[in-house]
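Below is one structure, written out as structure tokens; the observations come after it.
The values are calculated or read from the model by the stated rules, or taken from the named source; none is laboratory data. Being a predicted model, the structure only gives us computed values, none of them experimental. Neighbour counts are summed over all protein chains in view; Cβ atoms, including those assigned to glycine, are modelled from backbone coordinates with ideal geometry. Note: areas computed on protein heavy atoms with side chains; ligands, DNA, RNA excluded. Shrake-Rupley method; radii C 1.70, N 1.55, O 1.52, S 1.80 Å.
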Amino acid sequence: MTDIGPTLAIISSTAWGDLLLAHLGLPQVVALRPGAPIPSSVRGVLTDCIDDPGLPYLRLPTGPANSTSGTLHVAPPMQPGRDLTVAARRSLYYAQKRLAKRGVRTDRERLDLQIAAHCLRQRGLREVAVLLQTAAGEPEATSFGQSCFRLAGASQAMVEAAEAFDRARLKATTFAQAPGLLWGCVLVDSERARPLVEEHLLEAIRAVSASGRLAQLTLLADLIDHEESLAEGRARMTALPRFDPATNLLRATVESTGFAYDPSVAAALAIMSGADSATLLPDRRIDRSITRPTPALAGPDIGLVPALLDLLTPPDLDGWPLELTDDMYELRVSDVLNRWLEALVGIAAEVGAPLVQLMPWPAGFDSALSIRFDVDRPASPTQVARLLHTMSEELGAIPATWYCIPGLDHEARALPVLQQANQELGVHCREPEEARAGMGITCHSAPTSRYWLGARHLAEAERRGADHAELLTALLDVPGPVWLATEKRATKTLATPLLFPLEGSTADSDLSFFNARIDHFRSLLGRGGHAIISTHNDIEPSLLAEVLKRERAEGMWIATVGDVVRRIRELRTPGTVVFTGRGLRSSVPIKDVVIRTHLPSGRVDFSCDLSPNADTALGMF
């Protein structure tokens, strides 16, 4: 029998040892600071700061290794006010994001993009034009005057009247509804179009309702130097309430609560701002070192400490919200954790001890699946009830957490149904300060919100006592703490793995967006991870049913995000489950715990219940 206490110790001047143990679940290992007494039971030490601890040890290097250049993409932040450069950058960001997600689907959308790109090039903003056209996958339109008539979205009679420059039949209201007709006249024959411009352009600008069409007419006035119309268009575009100073965006119409993501709006604001392309391009990138460990680099020489901290440190984005990109799914924290486990199993073998690991899932399960609903769209109580029924039918359980925006009608309408069904609730935060004690939080990504702000987001979640938050810059396999670099410590609030969105926009009617990441989703589950399918309260239930029917597998623990986080916290918070030398003892009762013992000859699993009142015997000790 060994002495009572841990078998291995990690000695470090910072708290990264606690971070590591919280992710690996190793009750035999204790994290210590230099100068702390080493328990008599310890037979081996891992250290990055002591030359000779007096015991068999492995010194871990602190320098970076196997690091490649990586990039974080961030969105322009909200800066309340009426700064046209800020407005232009944010409008360009959302315009290109929407184009990349859904392309151009109608003739009017294609014409709007062509007008925007043409005007940007005319004003020397070629790089901005390329940004928009590349996002949409559309080639540059070298000549589109004649096509303006066809793409304008007007009746055939009005198209024919415009092509004939028929002043008797064309009115200001005609051009207010279909600016492409006046654009076509100007581009095809500017001299013949002059009377139409003089007679109708100013009145059309005054009559138009939609911000996209207002922008098209304002751009035309700018192109032909029609000063009175240009001044009117600019004034109307920047007037309240069309211009929303809280978000620096234009509303779709004066009465609308939604925003205008038209390329023409972004182009008009860009030209009005007078800024150059370098200032306007909204895709700001923050370069950082991203570690990409590979199996070929096993062993202690790959910089395990910096690799661990690199992946688990949320960046300081200085108020710029992150844009989630697909390459984040490739930065797998488990790649580094597996190297750590190999090192720890190796040193345990050197001192003649097996290494015990607490596996995350209840006995009989080898992965976990949760459903996340962001309640940020209008949906009737009947719709919410249909989603509950769908999950019950397909899974035999309802593993859902509903993250609601505080104070919105969406929450009030859904809440009675959710409470009656005893559903788990969280907060869908517009900013980190909306986090609530004891509840999980997710980030609202609309233009009215600050979205995910990196280190500030996790630190604020912890300060307000949130149960869990999100890490969006790397793929965790299971929930765990992250590293706050400025404080050199791990968070108490656990971070959840990257979400897998079911749909990319409200217009999606199939699983194409989800399927684009299906390899990452299945790989995560295959590694024994926790997969979170993210969707919204207005999703068509048949889409949810389709993905659950297709992806559910044997051995998958169906649980809410909160249930998963609670189990991880109980099992893997350092000091909660301790190794006594005789076995394991937990400070709280935990059912169906899988204990994996790593031996030189392989590994052995067995399951048991852990109790605060008695040791669970481990026969190999």
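Once both labels are modelled 7 Å past Cα along the beta-carbon direction, what's the residue 563-residue 342 spacing in nm?
3.6 nm
What percent do you get for the relative contact order of the chain when only Cα pairs under 8 Å and 6+ apart count?
Values: 1281 pairs, mean separation 109.5, N = 621.
This gives 18 percent for the chain.
Using the Kirkwood radius over Cα pairs, work out the Stokes-Einstein diffusion coefficient for the stretch 532-621 at 37 °C and 0.692 mPa s, in µm²/s as a whole number. Intermediate results must be reported in sequence, preceding the final value.
Details: Rh = 16.1 Å.
This corresponds to a translational diffusion coefficient of 204 µm²/s.
How far apart, in nanometres, would the label points at residue 13 and residue 257 be if each is projected 7 angstrom from Cα along the Cα-to-Cβ direction?
Taking the two extended label points, one gets 5.5 nm.
How far is helix 561-572 tilted off the main Cα axis of the chain, in degrees rounded to 10, range 0 to 90?
The angle comes out near 30 degrees.
Taking 60 Å as R0, compute the FRET efficiency from the Cβ-Cβ separation of residue 582 and residue 412 and round it to 0.05.
Numbers: r = 54 Å, r/R0 = 0.91.
Calculated transfer efficiency: 0.65.
Considering only DSSP beta bridges whose two residues both sit in the chain, what percent are antiparallel, to the nearest 5? Present the calculation step by step, with values, prior to reporting the outcome.
Working: 34 of 75 bridges.
Beta bridges within the chain, antiparallel portion: roughly 45 percent.
Give the residue list of GluC sites (Glu not before Pro) in the stretch 224-273 that are DSSP loop and have at most 14 other beta-carbon atoms within 10 angstrom. Don't skip to the end; give the middle numbers.
Details: sites: 227, 228, 232, 255; in loops: 255.
Taking the stretch 224-273 and a limit of 14 other Cβ atoms within 10 Å, the loop GluC sites (Glu not before Pro) found are 255.
Given the peptides 534-544, 589-599, arrange them by the average over their residues of other C-beta atoms within 10 Å, most packed first.
Ranked from most to least packed, the peptides come out as 534-544, 589-599.
Where does helix 227-238 land angle-wise versus the long Cα axis of the chain, in degrees 0 to 90, nearest 10?
Tilt of helix 227-238: around 30 degrees.
Return one number: the angle in degrees, 0 to 90 and rounded to the nearest 10, between the long axis of the Cα atoms of helix 263-273 and the longest principal axis of the Cα atoms of the chain.
Between the helix axis and the principal axis of the chain, the angle is about 80 degrees.
Could you pull out every residue, at least 5 positions away or on a different chain, whose amide H is within less than 5 Å of the one on residue 534? Hs are placed 1.01 Å off N in the peptide plane, and Pro or chain starts have none.
It is 372, 500, 502, by chain and number.
How high is the relative contact order of the stretch 417-474, in percent, counting Cα pairs under 8 Å that sit 6 or more residues apart? Don't jump to the answer; show the numbers that get you there.
Working: 90 pairs, mean separation 19.7, N = 58.
RCO, the stretch 417-474: 34 percent.
One-quarter of the Cα convex hull surface for the chain, in nm²? Could the numbers behind the result be given before it?
Values: hull surface 121.8 nm².
Hull-based average projected area comes out at 30.4 nm².
For the stretch 173-290, rounded, prolate or oblate, judged on the Cα gyration tensor with a ≥ b ≥ c (square roots of eigenvalues), a/c < 1.5 rounded, else prolate if a/b > b/c?
Since a/c reaches 1.5 and a/b is larger than b/c, the shape of the stretch 173-290 is classed as prolate.
Please list, in order, the residues from the stretch 215-250 whose amide nitrogen is less than 20 Å from a point placed 7 Å along the Cα→Cβ vector of residue 97.
243-250
Once phi is turned into ³J(HN,Hα) by the Karplus curve 6.51 cos²θ - 1.76 cosθ + 1.60 with θ = phi - 60°, what whole-Hz value does each residue of the stretch 111-126 show in order, with x for glycine and proline?
In residue order, the calculated couplings are 5, 4, 5, 5, 5, 4, 5, 4, 5, 4, 5, 4, 9, x, 10, 4 Hz.
What ³J(HN,Hα) values, in whole Hz, does the Karplus curve 6.51 cos²θ - 1.76 cosθ + 1.60 give for the stretch 515-532 when θ = phi - 60°, with x put for Gly and Pro?
Each residue's phi maps through the Karplus curve to give 5, 5, 10, 5, 5, 5, 4, 5, 5, 4, 5, x, 7, x, x, 10, 9, 10 Hz.
With a cut-off of 8 Å between alpha carbons and a minimum separation of six or more residues, what is the relative contact order of the stretch 504-590 in percent? Mind showing how you got there, number by number?
Numbers: 28 pairs, mean separation 13.6, N = 87.
Result for the stretch 504-590 is 16 percent.
Nearest-5 percent of antiparallel DSSP beta bridges in the stretch 382-518? If you can, show how the numbers build up before the last one.
Numbers: 3 of 13 bridges.
Antiparallel bridges: around 25 percent, rounded to the nearest 5.
Quick one: if you stick a label point 7 Å off each Cα along the C-beta vector at residue 126 and residue 209, how many nm between them?
Output for this residue pair reads 4.1 nm.
With a 1.4 Å probe and every protein chain kept in, tell me what percent of the accessible surface of the stretch 112-248 is carbon plus sulfur. Kindly include the intermediate steps, with their values, before the conclusion.
Numbers: 2720 of 5740 Å².
Of all accessible area on the stretch 112-248, carbon and sulfur atoms account for 47 percent.
Work from the charge dipole of the chain (Cβ charges, +1 for Lys and Arg, -1 for Asp and Glu, about the Cα centre) and give the residue of 103, 398, 221 farthest towards its positive end.
Checked the options; the winner is 398.
Can you work out the Karplus-derived ³J(HN,Hα) for every residue in the stretch 24-33? Use 6.51 cos²θ - 1.76 cosθ + 1.60 with θ = phi - 60°, whole Hz, and x for glycine or proline.
9, x, 10, x, 7, 10, 10, 9, 10, 9
Against the empirical 2.2 N^0.38 Å scaling, what ratio does the C-alpha Rg of the stretch 487-597 come to? Let's see the in-between values first.
On the way: Rg = 17.9 Å, N = 111, 2.2 N^0.38 = 13.2 Å.
Here the answer is 1.36, to two decimals.
If you stretched the chain out fully between residue 492 and residue 225, how much longer would it get, using 0.36 nm times the residue separation minus the C-alpha to C-alpha distance? Each step should come with its number before you reach the end.
Values: separation 267, 0.36 × 267 = 96.12 nm, distance 6.03 nm.
Length gained between residue 492 and residue 225: 90.1 nm.
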